[in-house]
Amino acid sequence: MEISAQPVPGAVPAWRKQVDAERWRTLAEQLLSAGSRLGALWASDERDRGGGYLLRALYVIFEGLLIAELRVDPALATYPDLSDLFACAGRMQRAAFDLCGMRAVSISGEIPDVRPWLRHGAWPADAHPLHREHALSQPHPQTEERYAFVPVEGEGVHEIAVGPVHAGIIEPGHFRFSVVGERVLRLEQRLGYKHKGIEKRFESLSLAEGIRLAGRVSGDSTVAYAWAYAMALEGMAGTTPPARALYLRALFLERERIANHLGDLGSLGNDGGLAFGLAQFSRLKEDMLRTNAALFGHRYLMDRVVPGGVAADIGDSESAAILAEGERLRTELRTLRAIYYNHAGLQDRCITCGRLTPRTAATLGVVGLVARASGHAIDLRVHPGHPPYGELQPEIASHRNGDVAARIVVRFEEAFESLKLQRRILHRLPTGPIAASVCTPDEAAFGIGWIEGWRGEVFVALEAGPNGAIRRCHPHDPSWQNWPALEHAIIGNIVPDFPLVNKSFSLSYAGQDL
Amino acid sequence: MYQLLKQIVKVGIKTEARPLADESMRVLAGRLNDEVLRLLGRALTIRHVDPGSCNGCELEIHALNNPYYNLEGLGIKFVASPRHADMLLVTGPVAKNMEQALRRTYAATPEPKLVVAIGDCGCSGGVFGENYACRGAVANVLPVDVTVPGCPPTPTAIMQGILTAISGKAGTKA
């Protein structure tokens, strides 16, 4: 921890530090050698306050979070590249250029990748939507932009282009496979198709309204995003939610984790040729969603986390109903786990398939359950933790093999662990109010939210404008880190295994396209 | 194998009765005659397109094929290509980056090309609205037959929307 850093008030330990261009780079080098990870990188326009452009890099350090802040001269609009140190910076830096017009420049003076990431031609290269003078609804002519995929050459090599509209019920993105026969030599992703101006949209909302949009950055992680947003706002406002509200948030988050893991376990069985698995797990997931609707008023718990607390409470009979449902689910999961683990056909598809080695996972800064299945026992709920997880004492599920089978094992173990946490939450549920009032934060107040969602860690960085408006909000999805890892995991596998490997990562398009 | 069969028998059949069509979801009426609708209703194929949703609606579309709703049991199934589809099920606001892909998918779909817009965003642009990167409602880009509001709409509501698009008169037959 640097002494000159200033603490960011809130539920998670975090500090901010202003750096110059040289320190931007040396700090990154130091943090890399200390084993820190790059969590997120985003840009803002501060010219209206005489601050030029502002670039932020959020690092996950041992003590918590460290946010490095670099002022960038708008006349130059360049800053030192970090992608050679932290590979995951590459796409985030390209997005920062598309939205705010600053280029990363390497030590040798080159731009590491000039291709746009989120900009597909919906606005021209010299327009940058996050600039203050760019209106939310500013019209631009649509242009056709060619995207230069990296060509792979050699005897018998050909390309398979897939997407953006895929052959299933999934989100849009483009995958370019270079293959020999059926074997994948290289996969290159092109994402950003779902970019719908979320960050700019936030700036037209008040701090109180923003949570509804935050809960729809990636719908499958709505609790994680809403909690992260609420955490950032409460930190700025100096509000501590009541203990009961925090326990109920943890209940919602664990139920979101279980429901998504059930869905993925079913789809993984189906993609592995065991349709039985899809029928069974989708039934169990539906049972949970119906309980959510009956007890909390929404199947996916959207808008149940609000600034200051939660919007749904339970009594003793509801608590008993959830516990009984949990017991039934635990028994069913045990049966299904035994069937999955003993099914020779399914195991044959999953073992050694789509392997992400611990070393590659570390190099790419992979997070969440994909990291845990590749030997990295990182889970924010455990370390550094935040209320109420310190009292709930969750245990990390992890595996070393990094293949599809390992990601299935981690999902099973996490579902069991979440059921255990659900029991603890309900047995220890504190009494009292479910929400505290949140006062309007001062202008320019800054807050950070950090939540371990079912997919991985979700960040929300929030800045207040005048009179309770949002000046800037940056939501960060774990998919930013994990998408590039999928490009590596598929190398050497056959094309027909891609759906299985892709599903085992189960990443969000909406969350990274913003 | 024994455990697997035992589980199937133990769980039994979970499928519930299907909901009725809901005329309030209809936007364009009288496009198809009853005979065509009758034929479609017995074997409808759907191509799902997501031009910008938050992925919440996709979760509920997935749920349509769980054992409770068992959409395929009604002869309605999702297909991998728009060329095999009678209907496009479109979720989310239309991101400008997806507008061309959505139009091409529509162009590739054979007549009568029923379009059902799913969710508050598909109906009106929802929380995202229209902006520099987003066209908003599906109807801003394609002719829409039926809209299904909700955030996300329940599987039952989505089924109603699909059945409304292929039903001749209010709540009668599918």
Only bridges whose two residues both fall in chain B count here: according to DSSP, what percent of them are antiparallel, nearest 5? 15 percent
About the Cα centre of segment B:25-165, how large is the charge dipole given +1 on each Lys and Arg Cβ and -1 on each Asp and Glu Cβ? Please answer in debye to the nearest 20. 300 debye
Could you tell me whether segment A:1-124 comes out rounded, prolate or oblate from its Cα gyration tensor? Rule is a ≥ b ≥ c as square roots of the eigenvalues, rounded for a/c under 1.5, then prolate if a/b exceeds b/c, otherwise oblate. prolate
Does anything in segment A:324-344 have its amide N under 18 Å from the 7 Å Cα→Cβ label point of residue A:423, and if so which residues? A:324-337
Under 4 °C and 1.567 mPa s, how fast does segment A:47-179 diffuse according to Stokes-Einstein, given a Kirkwood radius computed over C-alpha pairs? Answer in µm²/s, whole number. 74 µm²/s
Cβ-based net charge around residue A:374, under 11 Å, with every Lys or Arg adding one and every Asp or Glu removing one: +4
PRE zone check, label point 7 Å out along Cα-to-Cβ of residue A:240, amide N under 14 Å, scope segment A:420-436, hits A:436
Descending packing, highest mean Cβ count within 10 Å first, for A:125-131, B:78-84 is A:125-131, B:78-84
With only helices counted (DSSP H, runs n ≥ 4, each -39500 (n - 2.57)), the per-residue ellipticity at 222 nm for the protein assembly as shown, to the nearest 500, works out to -11500 deg cm²/dmol
Cleavage-rule hits, GluC sites (Glu not before Pro), segment A:152-256, DSSP coil, Cβ neighbours within 10 Å at most 16: A:153, A:155, A:182, A:209
Of all DSSP beta bridges having both residues in the protein assembly as shown, the percent classed as antiparallel (nearest 5) is 70 percent
Please list the radius of gyration and Dmax for segment A:102-176, considering alpha-carbon atoms only, with Å as the unit. 16.8, 51
For segment B:25-165, report the translational diffusion coefficient in µm²/s to the nearest whole number, using Stokes-Einstein at 20 °C, 1.002 mPa s, and a Kirkwood Rh over Cα pairs. 145 µm²/s
Calculate the length of the line joining the C-alpha centroid of segment A:132-175 to that of segment A:224-243, in whole Å. 36 Å
How much of the accessible area of chain A, probe 1.4 Å, is carbon plus sulfur, in whole percent? 53 percent
Using 7 Å Cα-to-Cβ label points, what is the residue B:27/residue A:357 separation (nm, one decimal)? 5.2 nm
If you count, for every residue in B:132-142, the Cβ atoms of partner chains within 10 Å of its Cβ, what is the mean? 4
In nanometres, what is the gap between the two model label sites at residue A:212 and residue A:311, each 7 Å from Cα along Cα-to-Cβ? 0.8 nm
So the FRET efficiency between residue A:159 and residue B:103, C-beta based with R0 = 22 Å and rounded to 0.05, is 0.35
For the pair B and A, the solvent-accessible area buried on both sides (1.4 Å probe; DNA, RNA and ligands excluded), in Å² to the nearest hundred, is 4300 Å²
Once the piece of chain linking residue A:342 and residue A:5 is laid out straight, how much longer is it, given 0.36 nm per residue of separation minus the C-alpha distance between them? 116.0 nm
Based on a Kirkwood Rh over C-alpha pairs, give the Stokes-Einstein translational diffusion coefficient of segment B:31-89 at 20 °C and viscosity 1.002 mPa s in µm²/s. 171 µm²/s
By the mean-Cβ-within-10 Å protection proxy, highest first, A:492-502, A:216-226 rank as A:216-226, A:492-502
Accessible area of residue B:121 in the full protein assembly, 1.4 Å probe (Å², nearest 10): 20 Å²
Share of carbon and sulfur in the accessible heavy-atom surface of chain B [1.4 Å probe, %]: 55 percent
Mean per-residue count of partner chain Cβ within 10 Å for A:166-179 equals 4
Given a Förster radius of 30 Å and the C-beta distance between residue A:71 and residue A:146 as r, what FRET efficiency does 1/(1 + (r/R0)^6) yield to the nearest 0.05? 0.30
For segment B:54-131 and segment A:359-393, what is the separation of their C-alpha centers, rounded to whole Å? 35 Å
What lysines could a cross-link reach from residue B:14, if we take a straight Cα to Cα line under 24 Å and drop same-chain neighbours fewer than 8 places away? A:285, B:6, B:77, B:173
Environment charge at residue B:8 (Cβ cut-off 15 Å; Lys +1, Arg +1, Asp -1, Glu -1): +3
Count charges around residue A:264 for me, please; just the other residues with Cβ under 12 Å from its Cβ, Lys/Arg as +1, Asp/Glu as -1. +3
Peptide-level mean, for A:152-165, of C-beta atoms on other protein chains within 10 Å: 2
Tell me the Kirkwood radius of chain A: reciprocal of the mean inverse pair distance over distinct alpha-carbon atoms, in Å. 23.6 Å
If R₀ is 22 angstrom, what is the calculated FRET efficiency for the pair residue A:319 and residue A:395, using the beta carbon separation as r and rounding to 0.05? 0.45
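The values are calculated or read from the model by the stated rules, or taken from the named source; none is laboratory data. These figures come from a predicted structure and were not determined experimentally. For neighbour counting, all protein chains shown are included, and Cβ atoms are generated from backbone atoms with ideal geometry for every residue, glycine included. Areas reflect the complete protein model, heavy atoms only, side chains present, ligands, DNA and RNA absent. Shrake-Rupley method; radii C 1.70, N 1.55, O 1.52, S 1.80 Å.
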